[in-house]
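Input: a single structure, listed below in structure tokens.
Any read-out appearing in this document is the output of simple, stated calculations on the displayed coordinates, not a laboratory observation. Not measured: the values here are computed from a predicted model. Backbone-built Cβ (ideal geometry, glycine too); neighbour counts: all protein chains shown.
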Amino acid sequence: MLEEKQLTKKKLSVGGIDQLRLFGSGDSHLRYIENNFDAKIIARGNEITLLGKPKDVDQLQLVFNELISMIESNSTLEISDVRTVVDVIKSGEVDANARQASLSNSVVLYTKDGAISPKSQGQRDYCESTRKNDIVFAIGPAGTGKTYLAVAIALSHLRNKIVNKIVLARPAVEAGESLGFLPGDLREKIDPYLKPIYDALFDMVIPNKLKRYMESEIIEVVPLAYMRGRTLNNAFVILDEAQNTNPSQMKMFLTRLGVNSKAIITGDITQIDLPHKGTSGLIQIQHILKGIEGIDFIYLNEKDVVRHRLVREIIKAYDKHNENERKQE
């Protein structure tokens with residue numbers, strides 16, 4: 001440890017915070033945090049004193065700000081959450097100069113594999129829009145994180161007890177393949193269309209907890225047709241691949257929302273698989289709902305692609321090809 005005169009000292013108030021949750025059983029959270037920084041943590045009464053190298057003290061302040069924010073939002077706080085917060089802040093993903101702002105403003109969800117956060121300005125705009133609006137349309141090409149972020153945002157609302165359940169829906173439109181040739185019963189035929197949603201869930205929720213959620217229908221993954229006739233209260237609802245809805249299906253989905261519910265609708269209007277090139281509900285709805293307060297449209301592009309670097313180039317090449325074709329018409 002450095003000499004006292006070379007150390008930075010900061011004091012944080014924890015008055016009104018459940019200190020058992022913050023510190024952990026037997027101060028296990030405090031011990032883990034202290035072991036990961038070249039600094040000392042002194043907890044007395046309603047105050048925490050941080051003493052150490054300036055960088056470590058700045059990062060420690062971010063750690064405690066985020067943990068306190070999680071407790072205040074009624075989140076559970078386990079040692080795995082503490083590890084994730086420490087790892088994210090030590091990795092430098094959060095600038096210490098931004099210590100006045102909570103990490104919650106950038107991190108969407110903490111998972112077993114780390115923090116999920118927006119990676120581009122478009123994704124940041126997307127996440128911010130979902131905080132301000134009850135219905136958000138995220139429109140953009142493959143690889144821009146539309147579905148993945150939607151699932152993370154929904155799980156964050158569930159974890160923070162803002163909603164009681166999540167419903168994720170997709171239209172089962174045949175994209176060059178016939179459902180009739182797939183093996184199994186109706187559910188087994190439909191499940192392949194829902195696999196991208198399952199993949200996101202498996203990335204973010206430990207298997208045992210996800211199984212409990214799905215068995216108790218706290219999380220439902222369903223074909224869009226199963227939404228008809230329902231009213232969803234206190235729910236976060238996601239419609240994925242919305243470009244493959246027709247106008248009546250889009251209207252049916254949007255009118256399922258009940259009290260204290262939110263929705264994200266994602267889609268790529270360059271990948272429409274509707275039979276006979278029918279009108280896409282996602283294209284039509286942009287004109288119908290334009291300018292309504294509480295509804296927002298976010299447009300992502302190749303700059304927001306977070307897959308393999310060549311995916312961005314492929315999207316740009318297709319955009320150029322389509323533009324040339326339009327000019328020739």
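Using a 7 Å offset from the Cα along the Cα-to-Cβ direction at both ARG228 and SER120, what is the distance between the two label points in nm, to one decimal?
For the pair ARG228/SER120, the computed spacing is 3.7 nm.
Please list 7-16, 256-265, 136-145 highest first by mean number of surrounding beta-carbon atoms within 10 Å per residue.
Final packing ranking: 136-145, 256-265, 7-16.
If we sort 286-297, 200-211 on the protection proxy, mean other Cβ atoms within 10 Å, highest first, what's the order? Intermediate values should be presented prior to the final figure.
Details: 286-297: 12.0, 200-211: 14.9.
Packing proxy ranking, top to bottom: 200-211, 286-297.
What relative contact order, as a whole-number percentage, does the range 190-270 give when Cα pairs under 8 Å and 6 or more residues apart are counted?
Dividing the mean separation by the residue count of the range 190-270 yields 30 percent.
In nm, to one decimal, how far is the SER91 label point from the GLU217 one, both placed 7 Å along Cα→Cβ?
Each label point lies 7 Å from its Cα, and together they span 3.7 nm.
From the cross-link list LYS146/LYS303; LYS10/LYS55; LYS119/LYS165; LYS161/LYS195; LYS132/LYS195, which pairs have alpha carbons spaced over 23 Å apart?
Beyond 23 Å between Cα atoms: LYS119/LYS165; LYS161/LYS195; LYS132/LYS195.
Go ahead and run the numbers for FRET between GLN284 and ASN35, Cβ-Cβ distance against an R0 of 51 Å, rounding to 0.05.
0.35
Roughly speaking, what is the stretch gain from LYS195 to ASN164, that is 0.36 nm per residue apart minus the C-alpha to C-alpha distance, in nm to one decimal?
Roughly 8.8 nm would be gained on extension.
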